[in-house]
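What follows is a short report on a single structure.
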Amino acid sequence: MAKARIKVPEVVKRGAVFEVRLLIRHPMETGFRYNNVGQKIPKNIVHTVRCMYNGAEVFHAELFPGIAANPYFSFFTTAEGSGELECVWTDDAGVTTSERAALTVSE
Amino acid sequence: MPSYLTRRQFFSLAGSLPFARLLTGRARASTQARVVVVGGGFGGAACAKYLRLAGPSLDVTLVTPQRQFVTCPFSNAALVGLRPLASLTYTYQRLRECYGVQIVHAQAREIDPIAQRITLSDGSTLAYDKLVLSPGVELRWDVIEGYDAEASTVFPHAWQAGSQTLLLRRQLEAMEDGGLVVMSAPETPYRCPPGPYERASLIAHYLKTHKPKSKVLLLDAKDSFTKDRLFLAAWKRLYPNLLEWVPGAQGGRVTQVDTRTGIVRTEFDEYTPAVANIVAPQRAAAIARAGGLDAGMGWCSVHGGTFESRVHANIHIIGDAAIASPMPKSAFSANNQAKVCAAAIVALLRGEPVARPVLMNTCYSLVAPDYGISISAVYAVENDTIQVVPGSSGTSPLDASETTRALEAAYTRSWYANITADTFG
């Protein structure tokens, strides 16, 4: 199963504002829960999310334990040129994951 | 007293003696008390009946717009032709004739909690000493873009049984083999937590039997649901290519529909199904939100032991409209709460202490006509709130035999026969 889903329009007009949607699959363990033998489940949340549009950062978020499992993001940016959108996120276990989506910009 | 007298003979004898003079003032107050019950479903009908049983001298009026009530339980079976809708249809004749409940067919429009009276759709008013609200849910038209009352005539919700059930049934019957059925399930809380999953199962059963090249896609706003391990295991075995569940974490949340183009959209995908069944988010029906009874939450907060509103005195709210969590919004819960509420009202009117109730619920679901699963729990009231009695809850076993599943399907049918007999007389 994919670690995330990312959605951008297939074609956007140059200069138009478009929506990016990102859904990350992650348990977002708060560090406050105990397992069934009474041991604390270590905190493991996605703490940083960045999205790059043709290499330039267009979105940056820092997350805290109040964010529920499988966080969902949506933001807007401006179509400047064809290429790709890459979202990268890192969790407390040190795992960095990324997902890409291609975008075509029409004149 | 001679032991061969029946209860009825005893009471008729008692009535002929000057016992009435022995009644206390408080008891007389209860004989004159007027109780109005709004809503004619599993909560309202059962409450009206049990009020008359517990307080035979009470003046009990049941207000419900419909002359016939079609039950949501077993409407998923009716949807796929396993039984006729007529077999799920009840009247209030026995409540009136056998239990002395007065029936008024009107919609309750307004409540005056200070003057203690309600206004009905025909303009008349009814005064009450105690008011019971059991109006159920209404669909919310402000959550899924494009989904409103008009859209529900194209993409039915079928979450209130009757014409909506028949509409969805006709659409399933008219669909060609190979068609896609899209269903949506909302975020909790909503009426009948396992309902969308039972429905998806029985639609899959219908497709398997009649249109095996078709598929049902269940788009869910949630990542888990009641009895999910049991449902998922059953689906894998019974409907491997016919039923697919898309949880919220995989983009299952339906955000928009367009009935003109026939499109259902989630945050990530777009579908053009042959049949769409949108089980939209819900809230307490309008009358239960009148006068701020829901405190802006969409559902009504109640005291655990009496089901009296935490907002207004002398108004009790039971069934789907009430926040009785951890009890689910089910017919079983509504019927059970109705009896607890009726007993509490009779005690309050008599100035007697209210007994601390024990409540219970079982939600049966059919995964196939001969494949039943269930979840049960017992509840007690602690510190004015309803809580699960530790160790009392459980589900059907994950690894049960076919015989067990068939037995549970038989229990499901028996439960339905019993609860409807108990509720409607």
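Results, tabulated for the structure shown:
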item: Residue match in the stretch B:340-350 (condition: among the β-branched types (Val, Ile, Thr), in the same structural domain as B:LEU172 (by TED's automatic domain parsing), surrounded by 19 or more Cβ atoms within 10 Å (Cβ to Cβ) and over 21 Å from the mean Cα position of the chain (by Cα)); result: no
item: Search result, residues across the stretch B:114-125 that are of a type outside the set (Lys, Arg) and more than 25 Å from the chain's Cα centre (by Cα); result: B:ILE114, B:ALA115, B:GLN116, B:ASP122, B:GLY123, B:SER124, B:THR125
item: Test: residue in the stretch B:175-192 that is under 30 Å from B:SER393 (Cβ atoms), away from chain A (no Cβ under 14 Å) and among the aromatic types (Phe, Trp, Tyr); result: yes
item: Residue in the stretch B:329-348 that is out of contact with any Phe, Trp or Tyr (no Cβ under 8 Å at 6 or more places or on another chain), modelled with pLDDT of 95 or more, outside any helix (DSSP H, G or I) and not β-branched (Val, Ile, Thr) present; result: yes
item: Complete set of residues in the stretch A:10-28 that are more than 14 Å from chain B (Cβ to nearest Cβ) and surrounded by fewer than 18 Cβ atoms within 10 Å (Cβ to Cβ); result: A:VAL11, A:LYS13, A:ARG14, A:GLY15, A:ALA16, A:VAL17, A:PHE18
item: In the stretch A:30-58, residue nearest to B:ASP269 (Cα to Cα) [restricted to those that are assigned to a strand (DSSP E or B) and modelled with pLDDT under 95]; result: A:TYR34
item: Whichever residue in the stretch A:1-60 is of a type in the set (S, T, N, Q) and within 26 Å of B:GLY248 (Cβ to Cβ) and, among such residues, is nearest to the chain's Cα centre (by Cα); result: A:THR48
item: Residues of the stretch A:73-93 that turn out to be without any contact (Cβ under 8 Å) to a residue 40 or more places away in the chain and within 13 Å of the chain's Cα centre (by Cα), as a count; result: 2
item: Among (1) in a loop (DSSP other than H, G, I, E, B); (2) at pLDDT 95 or above; (3) charged (D, E, K, R) - the single one B:ARG289 does not satisfy; result: (1)
item: Strands (runs of 3 or more DSSP E) wholly inside the stretch B:30-127 containing at least 2 residues that are surrounded by 15 or more Cβ atoms within 10 Å (Cβ to Cβ); result: B:34-38, B:59-63, B:102-104, B:108-112, B:117-120
item: Residues located in the stretch B:257-268, provided they are more than 18 Å from B:GLY179 (Cα to Cα), within 13 Å of another protein chain (Cβ to nearest Cβ) and modelled with pLDDT of 95 or more; result: B:THR266
item: Residue list for the stretch B:285-317, filter: surrounded by fewer than 20 Cβ atoms within 10 Å (Cβ to Cβ), on the phi > 0 side of the Ramachandran plot and within 17 Å of the chain's Cα centre (by Cα); result: B:GLY298
item: Count of residues meeting criterion [surrounded by fewer than 19 Cβ atoms within 10 Å (Cβ to Cβ) and either in a helix (DSSP H, G or I) or touching a residue at least 12 places away in the same chain (Cβ under 8 Å) (or both)] in the stretch B:398-408; result: 6
item: Flag if B:ILE323 is more than 14 Å from chain A (Cβ to nearest Cβ) and either in contact with a Phe, Trp or Tyr (Cβ under 6 Å, 6 or more places away or on another chain) or surrounded by fewer than 20 Cβ atoms within 10 Å (Cβ to Cβ) (or both); result: yes
item: Residues that are among the β-branched types (Val, Ile, Thr) and within 23 Å of B:ALA324 (Cα to Cα), drawn from the stretch B:382-408; result: B:THR385, B:ILE386, B:VAL388, B:VAL389, B:THR395
item: Residues (touching a Cys at 6+ places or on another chain (Cβ under 6 Å) and farther than 30 Å from B:ARG413 by Cα) located in the stretch B:310-347; result: B:HIS316
item: Cross-chain or 6+ apart pairs with Cβ under 7 Å, the stretch B:35-61 first and closer than 19 Å to B:THR125 by Cβ, then of a type in the set (Phe, Trp, Tyr); result: B:VAL35/B:TYR128; B:VAL36/B:TYR128
item: Those residues of the stretch B:212-256 which are within 12 Å of chain A (Cβ to nearest Cβ) and touching a helix residue (DSSP H, G or I) at 6+ places or on another chain (Cβ under 9 Å), in sequence order; result: B:ALA221, B:LYS222, B:ASP223
item: Selection within the stretch B:356-375 - without any contact (Cβ under 8 Å) to a residue 40 or more places away in the chain and either closer than 21 Å to B:LEU131 by Cα or under 16 Å from the mean Cα position of the chain (by Cα) (or both); result: B:LEU359, B:MET360, B:ASN361
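Each row is one residue, and each column tells you yes or no for (1) farther than 23 Å from B:SER224 by Cα; (2) within 14 Å of chain B (Cβ to nearest Cβ).
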{"position": "A:ALA4", "(1), (2)": "no, yes"}
{"position": "A:PHE32", "(1), (2)": "no, no"}
{"position": "A:VAL46", "(1), (2)": "no, yes"}
{"position": "A:GLU57", "(1), (2)": "yes, no"}
{"position": "A:PRO65", "(1), (2)": "no, no"}
{"position": "A:TYR72", "(1), (2)": "no, yes"}
{"position": "A:PHE75", "(1), (2)": "yes, yes"}
{"position": "A:SER98", "(1), (2)": "yes, no"}
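The values are calculated or read from the model by the stated rules, or taken from the named source; none is laboratory data. Quick caveat, the model's predicted, so the values are computed rather than measured. No Cβ is skipped: glycine too gets one built from the backbone with ideal geometry, and neighbour counts run over all protein chains shown.
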